[in-house]
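The values are calculated or read from the model by the stated rules, or taken from the named source; none is laboratory data. Note that the structure is predicted; figures quoted are calculated from it, not measured. No Cβ is skipped: glycine too gets one built from the backbone with ideal geometry, and neighbour counts run over all protein chains shown. These area figures cover heavy atoms from the full protein model, side chains too; ligands, DNA and RNA do not enter into them. Shrake-Rupley method; radii C 1.70, N 1.55, O 1.52, S 1.80 Å.
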Amino acid sequence: MYLSRFLSIHALWVTVSSVMQHYPSVWGHYDVCKTQIYTEEGKIWDYMACQPEATDMTKYLKVKLDPPDITCGDPPETFCAMGNPYMCNNECDASTPELAHPPELMFDFEGRHPSTFWQSATWKEYPKPLQVNITLSWSKTIELTDNIVITFESGRPDQMILEKSLDYGRTWQPYQYYATDCLDAFHMDPKSVKDLSQHTILEIICTEEYSTGYMTNSKIIHFEIKDRFAFFAGPRLRNMASLYGQLDTTKKLKDFFTITDLRIRLLRPATGEIFVDEQHLARYFYAISDIKVYGRCKCNLHATVCVFDNNKLSCECEHNTTGPDCGKCKKNYQGRPWSPGSYLPIPKGTANTCIPSISSIGIAPKLALSTVSSVQVANHKRANVCDNEFLHCQNGGTCQNNMKCQCPAGYTGILCEKLRCEEAGSCSSDSGHGARAKSSLILLMALLGMTGPCLF
């Protein structure tokens with residue numbers, strides 16, 4: 001009987017070992033993910049970290065205006081022509097499609113003629129400020145890959161702020177200030193992106209470059225993503241490996257190009273002069289014909305595809321990960337803490353695949369004594385250190401409020417993975433190696449379904 005049990009234990013050990021031997025090759029370099037890049041020879045496939053292809057993200061956003069009744073046309077009103085501010089016989093009427101200018105016209109794919117655009121009500125309540133917040137939301141984390149471009153059908157505003165959110169609109173931070181006079185409007189010296197460097201790339205600047213009033217060829221405002229990329233990738237973005245390396249190792253830099261929402265704060269319309277002409281207030285309003293936001297779904301380098309279903313974007317996660325951003329390991333794949341994929345080492349990167357928990361091959365979670373090492377716990381990047389589904393407290397510990405493990409006597413560590421005496425350097429053979437040997441025997445007995453009184 002004991003011989004058959006020994007042979008069973010040996011067979012089990014061989015099985016577990018052979019299963020785990022297959023995983024190191026998967027943990028390392030990407031071997032199936034590829035990204036389209038543009039070179040002087042044309043578009044080619046570059047085998048690097050897994051990430052969805054960049055696209056025009058305005059196809060997937062929701063837009064909200066504040067105040068909600070700021071769009072012109074209800075009631076109908078007249079406004080002045082763009083080219084001649086004293087020809088004020090144009091009409092905006094929300095009840096007539098040909099004369100309506102609703103918010104969705106900021107994102108339509110019209111031909112060059114005729115132009116379609118959203119338009120605000122005129123500044124009929126002057127001197128009360130004419131201010132509008134335009135909020136673009138994706139309900140998904142987005143990584144920007146190209147310039148944000150806003151095309152005005154009217155003159156570009158005298159004062160404007162572009163803001164971003166990383167938490168779905170709960171908090172906001174400025175991206176860039178725009179003004180005809182930065183010092184007067186925002187108490188900031190004017191700068192352009194060309195004044196920045198690798199060391200000051202995260203600086204929030206005020207620019208006067210895009211705030212001219214009525215000029216026929218001055219309708220576009222940029223937030224320059226590519227110029228900032230160029231500080232690391234070179235003037236023609238030929239050294240993307242250098243940029244990827246910086247994004248991989250500098251969280252603040254990566255977060256700078258990451259958003260969930262954008263907000264355009266229009267603070268003062270184009271006046272084209274120092275004083276407002278109170279006799280012709282129909283000259284002053286906002287009108288936007290196009291907004292372009294290019295980027296990709298953030299999938300933490302664990303997906304090459306992002307799908308739009310039921311008005312929501314979500315990553316098709318690889319590497320045994322799950323969640324809208326592939327931000328956690330699947331159930332039964334918590335053999336080590338979740339980690340995002342890495343661009344490094346260049347050129348193929350590291351997949352950081354989630355690996356099976358011991359429990360997924362038949363071991364109860366409580367008995368998985370070596371599932372997570374103390375080193376891996378120390379490097380754990382999740383907001384919560386434990387939960388009851390994905391990352392269990394070990395050795396009989398209990399998870400308190402998804403924040404910390406309450407460990408039984410004799411154990412310590414973030415997940416109760418260490419013997420307390422080991423940490424103090426005072427383990428005896430009974431409390432240290434003896435305890436581990438005993439635990440290993442319990443583990444193997446559980447695997448074989450052995451029951452009955454303990455022999456030790």
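Restricting attention to region 69-93, and to residues there that are among the aliphatic types (A, V, I, L, M) and at pLDDT below 95, which single residue is nearest to the chain's Cα centre (by Cα)?
Step by step, filter region 69-93, then rank; the result is M82.
Could you check how many residues of region 118-146 are within 23 Å of L281 (Cα to Cα), out of contact with any Pro (no Cβ under 8 Å at 6 or more places or on another chain), of a type outside the set (G, A, S) and crowded, with 19+ Cβ neighbours inside 10 Å?
Residues in region 118-146 being within 23 Å of L281 (Cα to Cα), out of contact with any Pro (no Cβ under 8 Å at 6 or more places or on another chain), of a type outside the set (G, A, S) and crowded, with 19+ Cβ neighbours inside 10 Å: 2 in total.
Within region 172-185, identify whether any single residue is of a type in the set (S, T, N, Q), part of a strand (DSSP E or B) and closer than 30 Å to K312 by Cβ, and answer yes or no.
yes
Please specify each residue of region 182-191 satisfying the condition of being surrounded by 14 or more Cβ atoms within 10 Å (Cβ to Cβ) and over 12 Å from R268 (Cα atoms).
C182, F186, M188, P190, K191
With under 27 Å from the mean Cα position of the chain (by Cα), closer than 30 Å to Y60 by Cα and of a type in the set (K, R) as the only criterion, which of R268, R238 stands out?
After ruling out the rest, the residue left standing is R238.
Search region 235-259 for residues that are closer than 14 Å to Q198 by Cα and pair each with any residue that is among the small types (G, A, S) and open to solvent by less than 20 Å² (accessible area, probe 1.4 Å) when their beta-carbon atoms are under 6 Å apart and the residues are at least 6 apart or on different chains.
Cβ pairs passing all conditions: S242/A233; L243/A233.
Assess whether S137 counts as being modelled with pLDDT under 95 and either assigned to a strand (DSSP E or B) or touching a strand residue (DSSP E or B) at 6+ places or on another chain (Cβ under 6 Å) (or both).
Answer is no for this residue.
Taking S95, is it polar (S, T, N, Q) and in contact (Cβ under 8 Å) with a residue 40 or more places away in the chain?
The answer is no for S95.
Could you grab me the full set of residues in region 48-78 that are hydrophobic (A, V, I, L, M, F, W, C), in contact with an Asp or Glu (Cβ under 8 Å, 6 or more places away or on another chain) and assigned to a strand (DSSP E or B)?
C50, V63
Looking at region 54-108, which of the residues that are among the charged types (D, E, K, R) and more than 22 Å from E125 (Cβ to Cβ) is most open to solvent (accessible area, probe 1.4 Å)?
Among those that are among the charged types (D, E, K, R) and more than 22 Å from E125 (Cβ to Cβ), it is E98.
Is it fair to say Q173 is buried (at least 18 other Cβ atoms within 10 Å of the Cβ) and of a type outside the set (A, V, I, L, M, F, W, C)?
no
Can you go through S211, S197 and tell me which one is among the small types (G, A, S), over 14 Å from F256 (Cβ atoms) and free of Cβ contacts under 8 Å to residues at least 40 places away in the same chain?
S197
So which residues in region 119-175 are of a type in the set (K, R), in contact (Cβ under 8 Å) with a residue 24 or more places away in the chain and more than 30 Å from A81 (Cβ to Cβ), if there are any at all?
K140, K164
Quick grid of which residues meet (1) closer than 21 Å to L415 by Cβ; (2) polar (S, T, N, Q); (3) surrounded by fewer than 24 Cβ atoms within 10 Å (Cβ to Cβ):
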| position | (1), (2), (3) |
| --- | --- |
| V305 | no, no, yes |
| N310 | no, yes, yes |
| Y333 | yes, no, yes |
| P337 | yes, no, yes |
